[in-house]
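First the structure, in the form of C-alpha cells, and then the observations on it.
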Amino acid sequence: MKLGVHVSIAGSIDLSIDRARSLGLNTFQIFTRNPRGWKFSDLKESNIVNFKNKILSENISTVVCHMPYLPNLSSPKEDVHNMSINALSSELERCNTLGIEYVVTHIGSHLGTGLEKGLDRVVKACNAALSNSSNNTMIILENTAGTKNNVGSKFDELKYIFDNVNDKSRIGFCFDTCHAFAAGYDLSTSKSVIDTLKKFNQIIGLKYLKVVHLNDSKGELGNGLDRHQHIGRGFIGENGFRELLKNSTIKQLPLILETPIDETFDDEYNINKIYSLEN
Ligand code: MN
Ligand code: MN
Ligand code: ZN
C-alpha cells in the first residue's frame, strides 16, 4: 500500500521527505510554497537537488503536490481567473523541476454564475495551464464536497471537464472520500462503496483516478459540508474504508490522509487505523 499524509515543507522543501519517513511513509503530499498567498519565490537550485536526491535515496514512490488555496479555476472574475491560470501553470513548472508528477487542484466555485459557465471556465483554465507548461506534469482534479456554488462535486461534471480538455495525457482525478460522501455518494457500507466506485468507473473510468484522499466525514451523507474527520470516527466509518481498501485500483494508488490533528488523534493514529483496515 502507498500510504501518506500531507506534510510541511517548513525550513526547506527537502525536509518534507524526512517528515514523511519519520512516520514510516512511502508517499506524501505537500504545498511547494505558502498556500495562503498569491506570491511566492522561485525554488533554490540547491533545494531542488536535495529534494530529488532524497526522493531516490529514501525510496519514496510518489509525491503529490496540492495547489494553494486562493486560485479559483471557476471564477467569473477575469483577474482572479487569470491569476489562477498563472498559479496553476507555475505550479506545473515547479513540480516538473522537482520531479513531481501530480498537481492536485480544487475545481472551484462559480460564485453564483451557474454550473455550466463554471465548468467551461475550468476547461479553459486547464487548457491554458497545460499549454503554458510544456512538460509531463499532470493536473489532478479533486472532486468537491458540493458546498453552495461548488463546481465538480458530481461525477458527470468531472467527466465534462475531462472530455473538453485537449491534452488528455495530462489530466486525471483525485477522489476525496469526505467530499464524495458530502456530495451524496454513500461510502459507509460495503454495498455503497462498490456502487459508488462502479458509478465512478462507468461515468469517468477508474483508470483516470490517480490519487485518493482518505478522510472520514464530520457531516452526514449529502450535506455538502467539507469537514474532515479521523478515519472511522465520522459518518463514513470503518466499514466503508475497509471496503475501499479492497478495491484493486484503489490499492495501487497513492492514498493521502488529510485528517485533523487535534486533542483526540493525530496522523499516527490515522495511519495505523488504515493499516488495521487493510485486508
Ligand atoms: Mn484538496
Ligand atoms: Mn482533499
Ligand atoms: Zn476537504
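Of all DSSP bridge pairs formed entirely within segment 2-278, close to 10 percent run antiparallel. The simple spin-label model puts a point 7 Å past each Cα toward its Cβ; for T189 and Y69 those points are separated by 3.7 nm. Residue ranking by accessible heavy-atom surface, 1.4 Å probe, largest first, among L115, L98 comes out as L115, L98. Multiplying the residue separation of V49 and N34 by 0.36 nm and removing their Cα-Cα distance gives an extension gain of 3.4 nm. Counting only the Cα atoms, the chain fills a convex hull of 120 Å³ per residue. Amide H contacts under 5 Å for F28: T62, V64, restricted to partners 5 or more places along the chain or on a different chain, H placed in the peptide plane at 1.01 Å from N. Nonpolar atom fraction for the chain, defined as the carbon and sulfur part of the 1.4 Å probe accessible area, stands at 47 percent.
Note on surface exposure: E263, E157, E45 rank E263, E45, E157 by accessible area, highest first, 1.4 Å probe. In this view, the solvent-accessible surface of C95, computed with a 1.4 Å probe and all protein chains in place, comes to about 0 Å².
Can you return the lysines within cross-link range of K199? Criterion is Cα-Cα under 22 Å, with same-chain partners fewer than 8 residues away left out. Filter leaves K154, K159, K168, K191, K207, K210, K246, K251. Near V104, the amide H atoms lying under 5 Å from its own belong to C65, H66, M67, I140; only residues 5 or more places off or on other chains count, and H is placed 1.01 Å from N.
Between V212, V63, V49, the Gaussian network model of the chain with springs among Cα atoms under 10 angstrom shows the greatest mean-square fluctuation at V49.
The values are calculated or read from the model by the stated rules, or taken from the named source; none is laboratory data. These figures come from a predicted structure and were not determined experimentally. Cβ sites come from the backbone with ideal geometry, for glycine too, and all protein chains shown count toward neighbours. Only protein heavy atoms, including side chains, enter the accessible area calculation; ligands, DNA and RNA are left aside. Shrake-Rupley method; radii C 1.70, N 1.55, O 1.52, S 1.80 Å.
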